[in-house]
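Visitor: This structure is in structure tokens; I'll ask about it shortly.
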Amino acid sequence: MSEPTARTGVIHDIGYRKYDGPRLGRARVARALYSHSLRGAYGLGRSGRSKVLPMMLLGVMCLVAFIIAVIANVGAGITSELVLPYSAYTFTTQAILTIFVAAQAPVSLSRDLRFRTVPLYFSRPLERSDYVLAKFGGLATALFLLLTAPLLIMYVGALLAEFPAGRETGDLLLALLGTVVFAVVFAGVGLVVASLTPRRGLGVAAIITVFALSFAAISTLQGIIRYEVGNADLAGWLGLLSPVTLVDGFQVWVLDASGRAVAPPPGDAGGVVFVLVTFAAIGACWALLNLRYRKVSI
Amino acid sequence: MNGTVVRLTYRALLGGRRAWLLLLMSVLLLAMAVLLRVTVGVDHQITADFLGAVAVAALVPLFGLIVGTGVIGPEIDDGSIVYVLSKPIARPRIILSKFLVAACATVLFAAVPTFVAGLVMSGTASRIALGFGAAALVASVAYSAIFLLLSVVTRHAVVYGLAYALIWEGLLGSFVPGARTLSVQQWSLSLTEAISTRDLVSSDVRLAVAGVLLAVVIVGATWYAGQRLRVLSLAGEE
């Protein structure tokens, strides 16, 4: 037996300190990612240039609502209703909502893909579904804030003009439910498309195409079929095929809102189908995102 | 023009699956045209409404946006544009090559399907298909030039391009009549109005004015994009 040789190799202790603070675990990681995504959607915590666009869109959204509130106060003696009902506001300003989703959904996901930070997230105690939930929740909350802020401005305007407070409050609460559905559906569709490409520009263009082209095509077809052909039922069913008209139909039937799409859902059966399809669309986005993130690379 | 830049741009834009995705949008337009023809039959007013709202107001601007920004935006984004810029090719010539690819792609994928959709729905009657085809053609070229310029000027070209296409032409155009005189869509529709022998569309701009404005925009945007590319500075990721 040979004697143990003298140790020559030494691991030098150069003074790195171990982390000995509390380890906060899965829920806290997910919560941090959620607030990071939510702040990122408005460019908070990022450079000034990335704040410009989301803040500008929020500003335009609120400006239109402010004008409506002012009109309500100026014309308070003549009318006791807002120019535009709460539940129709989102549909009317959908171009702004679409641009916001298209611009900010890729911000939320594409950067993680492009700079390969997704594997780093998944090497933490964070499940795939937590990542999806945090991103989905973050963007949906951001959209909800974008849609709610103008409604609150209109509500304050209506109260200042001394419109019946009970009616206004009821209308507002119903419209807020509608904005929740709008926010979740738009965030879901936007994120599914954005998760497919690491290129931000491509993601923006693809999301816009899905929303704007489908809306233009569907509402034109609806108009032609309803007024030129005279088939209101078929026109109503077509509304299922575009996210905006889908949620508008949902609002009309569930929340008894005044729909803005060319044709409302046909009858009660149509209403039920619109509700089911809306929930199915949300579920499908959730399932597709989870499926997408089973694999990290494209 | 530079052959190599054209070839590289073409491959970056349409290589792989991307051409199929773009083709899908054109096929969608044609499918809807066929569907309307089969269900509704021939009705020239419907043809005009459909092509005006879906093709000229939505498909062509979106295509111009995707293609016009797609020929140079990604390269500026990931910094690989420097490999092209460091070659002894004049910057305006690079822009001209890229503009050529963008304009051809938009015409091929958006204007030609518009013309074919017009033929499917109305045949050659009253030169409706020809009118809308010509409108889509000039609009394609103009949008390509504008959005190419925009993507040299700003990194958020797609978003600002969208704001123009959706808010200026769509939302403002329907409330503020003045916004309509400064809209590529109205300029190109004046061509439809002039070509088609039936009174189906009305444009807010006279043909001569529209022609001059279109020419100025196309030439001016391409020229200015070349100038801007000469002083392009690459910024880091925001």
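The values are calculated or read from the model by the stated rules, or taken from the named source; none is laboratory data. Not measured: the values here are computed from a predicted model. Backbone-built Cβ (ideal geometry, glycine too); neighbour counts: all protein chains shown. The area values use the complete protein model at the heavy-atom level, side chains included, leaving out ligands, DNA and RNA. Shrake-Rupley method; radii C 1.70, N 1.55, O 1.52, S 1.80 Å.
Visitor: Toward the positive end of the charge dipole of chain B, about the Cα centre and with charges on Cβ (Lys, Arg +1; Asp, Glu -1), which of B:74, B:27, B:94 goes farthest?
Guide: Farthest towards the positive pole: B:94.
Visitor: Right, here's the next one. Arrange the residues B:98, A:18 by how much accessible surface each exposes, largest first, with a 1.4 angstrom probe.
Guide: I get A:18, B:98, largest accessible area first.
Visitor: Of A:255, A:187, A:16, which is farthest towards the positive pole of the protein assembly as shown's charge dipole, taken about the Cα centre with +1 and -1 on the beta-carbons of Lys, Arg and Asp, Glu respectively?
Guide: Towards the positive end, the residue furthest out is A:16.
Visitor: Setting aside same-chain residues fewer than 8 positions from residue A:295, which lysines have a Cα under 17 Å from its Cα?
Guide: Filter leaves A:135.
Visitor: Sticking with this one: Expressed as cubic angstrom per residue, what is the convex hull volume of the alpha carbon set of segment A:150-260?
Guide: About 126 Å³ per residue, rounded to a whole number.
Visitor: Further, regarding this structure: Counting only other chains, and only Cβ atoms inside 10 Å, what mean value do you get across the residues of B:154-163?
Guide: 6
Visitor: A follow-up question, please. Where the convex hull is taken over the Cα atoms of chain B, what is its projected area averaged over directions, in nm²?
Guide: 13.3
Visitor: Within 10 Å of each candidate Cβ there may be at most 11 other Cβ atoms; applying that plus a DSSP loop requirement, which chymotrypsin sites (Phe, Trp or Tyr not before Pro) in segment A:34-100 survive?
Guide: Hits after loop and neighbour filter: nothing returned.
Visitor: Of all the Cα-Cα pairs you can form in the protein assembly as shown, what percent are over 42 Å apart?
Guide: Cα-Cα pairs of the protein assembly as shown separated by over 42 Å account for 25 percent.
Visitor: Taking the Cα centre of segment A:25-292 as origin and charging only Cβ (+1 Lys, Arg; -1 Asp, Glu), how large is the dipole, in debye to the nearest 20?
Guide: It comes to approximately 1740 debye.
Visitor: Can you list the residues, at least 5 places off or on another chain, whose amide H is less than 5 Å from the amide H of residue B:2, using H built in the peptide plane?
Guide: B:97
Visitor: Between B:134, A:156, B:63, whose Cα lies farthest towards the positive end of the dipole of the protein assembly as shown when Lys and Arg beta carbons carry +1 and Asp and Glu beta carbons carry -1, centred on the Cα centre?
Guide: Final value for the positive-end residue is B:63.
Visitor: From the mean inverse distance of alpha carbon pairs (Kirkwood) and the Cα radius of gyration, derive Rg over Rh for segment A:25-292.
Guide: Result: Rg/Rh = 1.00.
Visitor: Right, next: For the protein assembly as shown, what is the calculated [θ] at 222 nm in deg cm²/dmol (nearest 500), taking -39500 (n - 2.57) for each run of four or more DSSP H residues and dividing by its residue count?
Guide: After summing the helix terms and dividing by residue count, I get -22500 deg cm²/dmol.
Visitor: Near residue B:98, which lysines are there with a Cα under 17 Å away, not counting those fewer than 8 places off in the same chain?
Guide: List returned: B:87.
Visitor: How large is the accessible surface of residue B:106 in square angstrom, using a 1.4 angstrom probe and rounding to the nearest 10?
Guide: In the full protein context, residue B:106 sits at about 0 Å².
Visitor: Relative contact order of segment B:3-230, please, whole-number percent, based on alpha carbon pairs below 8 angstrom and at least 6 residues apart.
Guide: 26
Visitor: Can you tell me the dipole magnitude for the protein assembly as shown around its Cα centre, using point charges on the Cβ only (Lys, Arg +1; Asp, Glu -1), in Debye to the nearest 20?
Guide: With Lys and Arg at +1 and Asp and Glu at -1, about 2380 debye.
Visitor: OK, next. When Lys and Arg each count +1 and Asp and Glu each count -1, what net charge do the other residues less than 14 Å away from residue A:137, Cβ to Cβ, add up to?
Guide: Net charge in that neighbourhood comes out at +2.
Visitor: Now for a separate question. So how much accessible area does residue B:234 have, in Å² to the nearest 10, using a 1.4 Å probe?
Guide: 80
Visitor: Send over the per residue convex hull volume for segment A:87-220, Cα only, as a whole number of Å³.
Guide: Cα convex hull per residue, to the nearest whole number: 118 Å³.
Visitor: Looking at segment A:222-298, which trypsin sites (Lys or Arg not before Pro) are DSSP coil and have at most 13 other C-beta atoms within 10 Å of their C-beta?
Guide: Qualifying residues, ordered by number: A:294, A:295.
Visitor: Can you compute 3J(HN,Hα) from phi for each residue in segment B:53-66, using the Karplus curve 6.51 cos²θ - 1.76 cosθ + 1.60 with θ = phi - 60°, rounded to whole Hz and x for Gly and Pro?
Guide: 7, 8, 7, 6, 8, 10, 5, 5, x, 5, 5, x, 5, 5
Visitor: Using only the Cα atoms of segment A:32-91, what do you get for the radius of gyration and for Dmax, in Å?
Guide: My reading of the Cα-based Rg and Dmax gives 16.5, 50 Å.
Visitor: Charges at C-beta only: +1 for Lys and Arg, -1 for Asp and Glu. How large is the resulting dipole of segment B:3-230 about its Cα centre, in Debye rounded to 20?
Guide: Here segment B:3-230 has a charge dipole of around 800 debye.
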